[in-house]
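All of the numbers you see were taken from the coordinates with simple rules; none came from a lab. The structure displayed is predicted, hence computed values, not measured ones. Glycine also receives a Cβ, built like all others from the backbone with ideal geometry; neighbour counts cover every protein chain displayed.
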Amino acid sequence: MLPIINLSNIVKIYKSGSDDLLALNHINLIVSKGELTAIIGESGSGKSTLLNIIGLLDKPSSGIYQLSGIAVDELSDDELSVIRNQKIGFVFQSFFLLPRLNALQNVIMPLIYRGVHDKEAKLCGMAMLEKMGIEQLWHHKPSQMSGGQQQRVALARALIGEPEVILADEPTGSLDSKTGQEVMDLFIELNNHDRNTIIVVTHDQHISQQCRRVVRVHDGSIVSDEVN
Ligand SMILES: Nc1ncnc2c1ncn2[C@@H]1O[C@H](COP(=O)(O)OP(=O)(O)OP(=O)(O)O)[C@@H](O)[C@H]1O
Ligand SMILES: [Mg+2]
């Protein structure tokens, strides 16, 4: 299997005043194309820091990160945002939908960024909403949708640019367990059917045990890495 994510010796130190905080302590992690991986660990263990580095939202203090063969440490901020936009789809606990835009407009944002024409973007957006089973809600604003529906919109937005990797930080964290499971079912289907590479950070053991691979982080280190 091709390594799509290859982290070697990643260290992240947050500098706050005179105190340095070692958030990631020599992380080595290889993720292959098509894997469904959970990252688990207690609060403050470094899960989001790790995911943000994988997603090019943050830079490591040291170490080497290759994303589909590209050594991203050497890239400028502009080059990083281009790669992030092309290769990464993010989903967060609090959805981060734009409140003034309807579902369809939110979903097509990444395409509009890329310069795709409105009409073509909307056709893609409707197809993606259909895939998520919420095409009838296309004109709803986020405040007019349930949490689960909003997370589907966020997932549609993450997927529309056909990213190589989907990164989800507590995607079910603000949903009740039934709705959370429905969102997890979508991840599983995307992974099974489309061979999407997906990394899910979660506190919820019920969610992590549905992932083929489970990586546990403790105090900034990977302490176990198991295949279910
Ligand atoms: N921007 C920052 N500046 C300083 N310290 C930070 C920053 N972001 C995170 N930290 C610290 O780094 C450590 C790891 O944080 P991180 O957010 O990665 O944990 P987490 O595992 O995602 O926790 P949670 O489950 O609560 O979301 C924590 O001690 C946190 O306080
Ligand atoms: Mg976190």
Protection proxy ranking, peptides 207-213, 48-54, average beta carbon neighbours within 10 Å, highest first: 48-54, 207-213
Cα pair distances exceeding 12 angstrom across the range 17-63, given as percent: 70 percent
Once the range 56-160 is represented by equal point scatterers at the alpha-carbon sites, with solvent omitted, what log10 I(q)/I(0) does the Debye formula produce at q = 0.18, 0.22 Å⁻¹? -0.85, -1.08
If the viscosity is 1.567 mPa s and the temperature 4 °C, what translational diffusion coefficient in µm²/s does Stokes-Einstein give for the range 24-118 when Rh comes from Kirkwood over Cα pairs? 83 µm²/s
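Residues with beta-carbon under 13 Å from that of VAL214, excluding VAL214: net charge, scoring Lys, Arg +1 and Asp, Glu -1?
0
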In vacuo Debye sum over C-alpha of the chain, base-10 log of normalised intensity I(q)/I(0) at q = 0.08 Å⁻¹, listed in q order, is -0.29
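Considering Cα pairs under 8 angstrom that are at least six residues apart, work out the relative contact order of the range 70-228 and quote it in whole percent.
Computed over the range 70-228, the figure is 24 percent.
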Taking only Cα atoms, what is the 0 to 90° angle, nearest 10, from helix 77-87's long axis to the longest principal axis of the chain? 60 degrees
Summing Lys, Arg as +1 and Asp, Glu as -1, what charge do residues with Cβ under 12 Å from the Cβ of ILE108 carry, ILE108 excluded? +2
Find how many whole Å separate the alpha carbon centroid of the range 42-56 from the alpha carbon centroid of the range 118-180. 23 Å
In debye, nearest 20, what is the charge dipole magnitude of the chain about its Cα centre with +1 on Lys and Arg Cβ and -1 on Asp and Glu Cβ, if you could check? 440 debye
